[in-house]
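For reference, the structure discussed in these notes is given below.
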Amino acid sequence: MIKKFVSIFLLIVILFGSSSTIVYAKKVKTLTQLERREMETRFFDTSDTEKVIKAAVNTLQDSGFIIQEIEPNLGYIRASKSYKRKFINKGRVAGQSFMLALFAAYAVFSYGSTAYYVTDPTRRISNELHAKTVVVDTNVNVDKFGKNKTKVRIVFSQKVLQNADGYSYVKSAPTRVLKVYDPKVYQEFFAQLDKSIFYEGI
């Protein structure tokens, strides 16, 4: 009777746990396409696009980016960098912790024959608490604007790397790709670019 009750209860918990695996994205202010473009674009008082491209490359490298591609004639730069960061879903951790406790209790009632059930929630909790690899990609476009200005537009996007199941410790494929809409990120880049242009003697 006790085993039957525990089995039914575990089934309910499993259904609850599977529903708690949804990743909730952080709410951010919704920007219009025009607002995003304004945030991503700056104009500099020079017509020397070649030196602006060089300054942009230096700025990216100083920020830890690795240059992937440069097309000077097109004014195009592609670069990326990676870092570790924790993205913990507290609801998922709580749900899997609850399942772990119940599986452990069930193992006791079954005299250890179902002890292997605790492996999956243990692995999922461990992976949720580990830092995940984040890759930041950026594309820079440099164009001459009018007679004496140069327009620079940069777009940042980040990918959180993990396997398709969302739990495996070895992270191999992006499951979340987000464009970066934090104004501070763009403000800092353009401030550094402005200094780099100055150092280039423009």
Notebook entry, point to check: When you scan region 101-113, how many residues do you find that are open to solvent by 50 Å² or more (accessible area, probe 1.4 Å) and part of a helix (DSSP H, G or I)?
Noted result: 3
Note to self: Residue pairs, Cβ under 7 Å, 6 or more apart or interchain, first in region 129-140 and outside any strand (DSSP E or B), second surrounded by fewer than 18 Cβ atoms within 10 Å (Cβ to Cβ) and among the basic types (Lys, Arg). List them.
What the structure shows: 131/84; 131/85; 131/86
Checklist line | Unmet requirement for residue 110, which otherwise passes all of (1) within 21 Å of residue 178 (Cα to Cα); (2) at pLDDT below 75; (3) among the hydroxyl-bearing types (Ser, Thr, Tyr) | finding: (1)
Check: Is it the case that residue 114 is touching a helix residue (DSSP H, G or I) at 6+ places or on another chain (Cβ under 6 Å) and under 30 Å from residue 48 (Cα atoms)?
Finding: no
Item checked: Sole exception among (1) assigned to a strand (DSSP E or B); (2) in contact with a Lys or Arg (Cβ under 9 Å, 6 or more places away or on another chain); (3) within 30 Å of residue 127 (Cβ to Cβ) for residue 80, by number -> (2)
Next item on the list: Can you give me the number of residues within region 114-152 that are of a type in the set (Lys, Arg) and surrounded by 17 or more Cβ atoms within 10 Å (Cβ to Cβ)?
Entry: 3
Next item on the list: Those residues that are open to solvent by 60 Å² or more (accessible area, probe 1.4 Å) and part of a strand (DSSP E or B), I need them from region 34-77; list them, please.
Entry: 42, 43, 66, 68, 69, 70, 71
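Table: residues versus (1) within 21 Å of residue 148 (Cα to Cα); (2) at pLDDT below 85.
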position: 12; (1), (2): no, yes
position: 34; (1), (2): no, no
position: 40; (1), (2): yes, no
position: 55; (1), (2): yes, no
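The values are calculated or read from the model by the stated rules, or taken from the named source; none is laboratory data. Just so we're clear, the structure is a prediction, and the values are computed from it rather than from any experiment. Counting neighbours? That spans all protein chains shown, and the Cβs are built from the backbone with ideal geometry, glycine included. Keep in mind that these areas ignore ligands, DNA and RNA; they rest on the heavy atoms of the full protein, side chains included. Shrake-Rupley method; radii C 1.70, N 1.55, O 1.52, S 1.80 Å.
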